[in-house]
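Worksheet for the structure shown next.
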Amino acid sequence: MKLWKTLLIGLAATLPLTLTGTASASAPSAGPARQAAASALGATRSLVAVDCYDNIVIMGANDRFVSAELGYAGARYGELRARGTAVGPWELFGLCRNRSTGETILWSEANGDFVSAEIAYGGSDYAELRARATEIGPWERFYTPNTPGSGNTYFFADANLGYVSAELAYSGDGYAKLRSRATERGAWETFRW
């Protein structure tokens, strides 16, 4: 085995988890969501580096933590909102990111479900983000320009080519709902991790 392959395989057991086509997505601490996300991003193909992270906290422009609303029922279950004032299980996310392309797949650490942009919804619910998918498809793929811990970032949904916004003008239990609907980046499309 070539030295670079050995080094990359050795990194697979660390956080962030780095995988290549020659490494396995089943590091000792890797859960099913991490394994599926790494595989979907190409970690099973040669020379594709995928970094995976656990327990990521994301903050919106309103200085609130992004939460997966796991207490909601039906079509609102798992809705993402920038409303948390403290970090608990609902505010923790995992993600895998293709180092070359920036393609990113996120999941809620609390329920293990992938984050989806609900592009089939209409009106003010169009393209809202929900942690509800058990499989990865086009609605679960996003682009991020940088890695967690690097400060400001944004999310761009592959499904509808929209920037993710925290809807700070909404009120009540819709306040700061995350939606992939913006055509340009502004304050509401800026997040920190």
*What is the sum of charges around GLY186, taking Lys and Arg as +1, Asp and Glu as -1, for the other residues whose C-beta is under 14 Å from the C-beta of GLY186?*
0
*GluC sites (Glu not before Pro) within the range 78-179: DSSP coil, no more than 13 neighbouring Cβ in 10 Å*: GLU135
*Highest mean first, what order results for 171-177, 31-37 on Cβ atoms within 10 Å?*
31-37, 171-177
*Which ³J(HN,Hα) values in Hz, rounded to whole numbers, follow from the phi angles of the range 178-190 under the Karplus curve 6.51 cos²θ - 1.76 cosθ + 1.60, where θ = phi - 60° and Gly and Pro get x?*
8, 9, 8, 9, 8, 9, 9, 8, x, 4, 5, 9, 9
*Any number yet on Rg/Rh for the range 38-183, C-alpha, Kirkwood?*
0.94
*asked:* Could you tell me the center-to-center distance, by alpha carbons, between the range 159-187 and the range 54-106 in angstrom?
replied: 14 Å
*Report the full-extension gain for the segment ALA86 to ASN55: residue separation times 0.36 nm, less the Cα-Cα distance, to one decimal in nm.*
9.8 nm
*Please report, in debye to the nearest 20, how large the charge dipole of the range 110-193 is about its Cα centre when each Lys and Arg carries +1 at its beta carbon and each Asp and Glu carries -1 there.*
200 debye
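Just to verify a number: FRET efficiency for TYR121 and ASN62, C-beta to C-beta distance, R0 = 25 Å, to 0.05? Show your work: numbers first, answer last.
Details: r = 23 Å, r/R0 = 0.91.
Once rounded, the FRET efficiency stands at 0.65.
Since every read-out is calculated from the coordinates, none of them should be taken as a lab result. The structure displayed is predicted, hence computed values, not measured ones. All Cβ positions, even for glycine, are placed from backbone atoms using ideal geometry, and neighbour counts span all protein chains on display.
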